[in-house]
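Worksheet: one structure, shown below.
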Amino acid sequence: VLHRLREEGLSPSAEADPVTLVRRLHFDLTGLPPAPGVAERFAASGDREAAYNELVDQLLASDHYGERMAIYWLDLVRFADTVGYHGDQDHNISPFRDYVIDAFNRNLPFDQFTREQLAGDLLENPTVDQRVATGYNRLLQTSHEGGVQPKEYLAIYAADRMRNLSGVWMGGTLGCAQCHDHKYDPYTARDFYAMSAFFADVDEAQHFKSGTNSLPTKRAPEIEVLSRRDRELLAKLEATQPRDAKVEEQIRAVKARKRLTMVTQSIEPRITRVLPRGNWLDDSGEVVEPAIPAFLGALDTGDRRANRLDLANWLVDPQDGSGGLTARVFANRLWYLFFGEGLSASLDDFGGQGVPPVHPELLDNLAVAFVEGDWDVKQMVKLLVTSRTYRQGSVATEKMLELDPENRLLARQSRYRLPAEIVRDNALAIGGLLNSDVGGASVKPYQPEGYYRHLNFPPRKYEQDTGERQYRRSVYVHWQRQFLHPVMKAMDAPSREECTAKRPRSNTPNAALVLLNDPSFVAAARGFAERITESGGANAREQLDYAYRVALSRPPDDDERAILSGLFVAARDEAGGGEQGVLAAWTAVARALLNCAEFNTRN
């Protein structure tokens with residue numbers, strides 16, 4: 001990076017100030033704001049380098065790291081709580097989300113993470129978690145609408161799966177070869193159908209007969225499971241010497257948390273043909289066996305039919321498979337997560353139409369480091385966030401804006417609004433409302449009355465959760481594909497009908513109105529106001545300082561102090577003074593802080 005900058009006549013930015021670094025690390029690695037005092041302690045540390053590395057290790061060890069990383073993976077694999085098509089009924093899949101969170105927290109090597117999702121059921125003596133992981137193969141949109149043609153939808157499912165598989169692991173557009181040979185890349189239509197044949201053994205036709213309009217719908221095969229944490233807790237409780245009534249009650253409570261989840265079950269493979277022009281009614285095409293794209297070689301399985309596990313192994317084999325490509329794709333996406341853009345801006349297309357990487361040698365080195373590091377994701381993350389490039393300030397000079405307005409040369413860090421889930425979590429955390437439990441069933445926070453009025457088969461009314469459940473982290477929010485939660489939608493979260501490697505970042509009045517008026521954000525502001533009055537100090541000046549330290553990890557400057565002090569006085573007087581007037585005034589100040597750009601921006 002430094003060499004390229006010098007070639008272009010640019011210099012790297014100085015290291016970001018301690019507050020910016022601490023907040024950047026917290027949002028990037030956990031998706032949550034730093035606790036009050038963390039930035040001050042970091043700034044006061046005698047050995048800044050040691051303190052920085054210690055903070056990185058601490059955040060990587062947090063359970064919230066897995067939640068942050070899962071948000072992106074769930075975008076890629078198009079995880080949702082509903083079927084998508086027709087009535088968009090709920091289906092049972094939330095344990096898969098918990099598996100993903102757990103996998104990142106346990107630092108499951110990425111090659112094994114791949115095998116378990118694509119073919120966990122084909123591993124020797126698969127564990128419960130490995131069976132749950134195969135829910136990946138069931139995440140696509142499905143339908144059992146009356147009159148549906150199973151043959152047509154099996155073809156639709158196969159095409160959906162090829163788009164996702166090639167996009168997630170290969171950074172490829174194999175889906176373009178569904179009806180004809182690819183126009184720009186060496187994929188052929190035969191490659192498309194031969195790759196889809198790997199999944200011809202996935203039992204996914206049962207729902208055509210057993211699917212219902214109930215909520216959730218039936219999507220056999222399904223299994224009933226406890227999360228890994230609950231299984232460990234249950235084993236500990238059941239191993240207690242004598243078990244008293246309290247322990248027995250705890251055991252019953254844990255067992256009651258069992259959930260159904262869709263899994264993959266291997267059956268006799270369906271016959272796979274090349275469909276001329278993608279026409280599912282045309283059976284004249286040749287029968288194909290499972291095979292990787294011809295231009296990438298061939299799998300050697302002897303006389304045995306290749307299966308999904310062979311495919312998964314090929315995807316992560318750097319010697320005889322496409323492991324090098326897989327590593328490049330994932331390394332590029334990690335760079336995107338921590339720098340705002342990939343080294344190649346084409347996160348989902350490494351083919352002929354993709355954008356070449358700005359620093360190709362760097363991407364090569366990262367991919368090699370990932371493979372040689374045994375696919376250790378946390379090690380890669382630490383490598384990136386401890387780099388000099390990551391730690392730069394994000395303020396652009398006039399020269400930077402003139403020569404590199406999009407920051408492709410990395411002479412500075414990037415500034416951008418936080419992802420939708422983190423915007424909401426940030427507000428709830430500052431408001432003292434966030435329920436930080438890890439894992440569990442999907443939750444339904446407030447959303448406007450009547451938002452589901454067009455959802456039929458069956459008609460339904462949104463029943464929001466109450467109490468602490470409505471304030472759980474946003475990674476657990478119910479994901480309705482046809483009617484995405486309004487907060488998520490306003491902040492550019494995807495509906496997850498397809499693989500999303502890069503979310504758009506818009507700046508709209510709708511987003512501003514949601515931040516200001518959504519009841520969850522209003523409740524967060526009121527909760528923040530209560531924190532300010534209870535813990536902020538003896539007078540308004542101390543309380544405003546406290547509010548800034550909690551919300552933005554710094555004290556206010558003179559202009560900010562004058563503006564917000566004026567807002568406080570005006571709001572207090574309008575509310576009539578007294579204790580309630582003071583609380584109303586601090587709520588107004590809190591709403592202002594929760595809506596300022598600095599609060600919702602990753603710098």
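The values are calculated or read from the model by the stated rules, or taken from the named source; none is laboratory data. Since the model is a prediction, treat every value here as computed from it, not as a measurement. Virtual Cβ from ideal backbone geometry, glycine too; neighbours counted across all protein chains shown. For the accessible areas, the whole protein counts, side chains as well, though only heavy atoms, and no ligand, DNA or RNA atoms are used. Shrake-Rupley method; radii C 1.70, N 1.55, O 1.52, S 1.80 Å.
Filtering the range 1-34 to residues that are at pLDDT below 95 and not in a helix (DSSP H, G or I) leaves VAL1, GLU8, GLY9, LEU10, SER11. Within the range 466-478, residues that are over 15 Å from LYS489 (Cα atoms) reach partners that are assigned to a helix (DSSP H, G or I) with beta carbons closer than 6 Å, at six or more positions or on different chains, in the pairs TYR471/LEU428; ARG473/GLU67; ARG473/ASP425.
Keeping to the range 523-558, report how many residues are not in a helix (DSSP H, G or I) and not polar (S, T, N, Q).
Of the residues in the range 523-558, the ones not in a helix (DSSP H, G or I) are 536-539, 553-557.
Subset that is not polar (S, T, N, Q): 536-538, 554-557.
Summing the residues that are not in a helix (DSSP H, G or I) and not polar (S, T, N, Q) in the range 523-558 gives 7.
Taking the conditions exactly as written (open to solvent by 10 Å² or more (accessible area, probe 1.4 Å), more than 20 Å from MET69 (Cα to Cα), among the hydroxyl-bearing types (Ser, Thr, Tyr) and in a helix (DSSP H, G or I)), does TYR153 satisfy them or not? So TYR153 fits the description; yes. Give the residue, chosen from ALA189, ALA177, ALA205, that is aliphatic (A, V, I, L, M) and open to solvent by 30 Å² or more (accessible area, probe 1.4 Å). Only one candidate qualifies: ALA205.
Take the conditions (1) modelled with pLDDT of 95 or more; (2) under 26 Å from the mean Cα position of the chain (by Cα); LEU215 misses just one of them, which is (1). Against the numbered list (1) among the charged types (D, E, K, R); (2) within 30 Å of GLY9 (Cβ to Cβ); (3) touching a Lys or Arg at 6+ places or on another chain (Cβ under 7 Å), ASP465 comes up short only at (2).
In the range 400-424, the residues that are farther than 18 Å from ARG591 by Cα and assigned to a helix (DSSP H, G or I) form Cβ pairs under 9 Å with partners that are of a type in the set (Asp, Glu) and open to solvent by less than 10 Å² (accessible area, probe 1.4 Å), at six or more places apart or across chains, as follows: GLU421/GLU67.
Listed here are the residues, each with its yes/no results for (1) surrounded by 12 or more Cβ atoms within 10 Å (Cβ to Cβ); (2) within 30 Å of GLY393 (Cα to Cα).
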{"residue": "ASP545", "(1), (2)": "yes, yes"}
{"residue": "LEU552", "(1), (2)": "yes, yes"}
{"residue": "ASP558", "(1), (2)": "no, yes"}
{"residue": "ARG561", "(1), (2)": "yes, yes"}
{"residue": "LEU567", "(1), (2)": "yes, no"}
{"residue": "TRP586", "(1), (2)": "yes, no"}
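Being modelled with pLDDT under 95 and either part of a loop (DSSP other than H, G, I, E, B) or over 17 Å from GLN206 (Cβ atoms) (or both) is a condition met by at least one residue of the range 132-143. Quick check on my filter: what residues within the range 490-510 are at pLDDT below 95 and part of a helix (DSSP H, G or I)? PRO509, ASN510 - these are the residues of the range 490-510 that are at pLDDT below 95 and part of a helix (DSSP H, G or I). When the range 397-434 is limited to residues that are within 18 Å of the chain's Cα centre (by Cα) and among the hydrophobic types (A, V, I, L, M, F, W, C), the one that is nearest to ALA14 (Cα to Cα) turns out to be LEU418. I'm told THR240 meets every condition in (1) open to solvent by less than 60 Å² (accessible area, probe 1.4 Å); (2) of a type outside the set (D, E, K, R); (3) over 32 Å from the mean Cα position of the chain (by Cα); (4) closer than 20 Å to TYR187 by Cα except one. Can you identify the failing condition by its number? Unmet condition: (4).
As a summary of the residue check, ILE271 satisfies the conditions (1) surrounded by 13 or more Cβ atoms within 10 Å (Cβ to Cβ); (2) in contact (Cβ under 8 Å) with a residue 24 or more places away in the chain except for the one numbered (1).
Taking the range 457-479 as the range and being part of a loop (DSSP other than H, G, I, E, B) and open to solvent by 70 Å² or more (accessible area, probe 1.4 Å) as the test, the residues that pass are PHE457, PRO459, LYS461, GLU463, GLN464, THR466. Figure legend. Inter-residue proximity from the range 528-540: first residues in contact (Cβ under 8 Å) with a residue 40 or more places away in the chain, second residues hydroxyl-bearing (Ser, Thr, Tyr), beta-carbon distance below 9 Å, spacing 6+ or different chains. Indicated pairs: PHE528/THR587; ALA529/THR587; GLU530/THR587; ARG531/TYR546; ILE532/TYR546. Of all the criteria given as (1) touching an Asp or Glu at 6+ places or on another chain (Cβ under 6 Å); (2) in contact (Cβ under 8 Å) with a residue 40 or more places away in the chain, the one not satisfied by MET170 is (1). For the range 355-378, the set of residues classified as touching a residue at least 60 places away in the same chain (Cβ under 8 Å) and open to solvent by 20 Å² or more (accessible area, probe 1.4 Å) consists of VAL358, LEU362, ASP374, ASP376, LYS378, listed by residue number.
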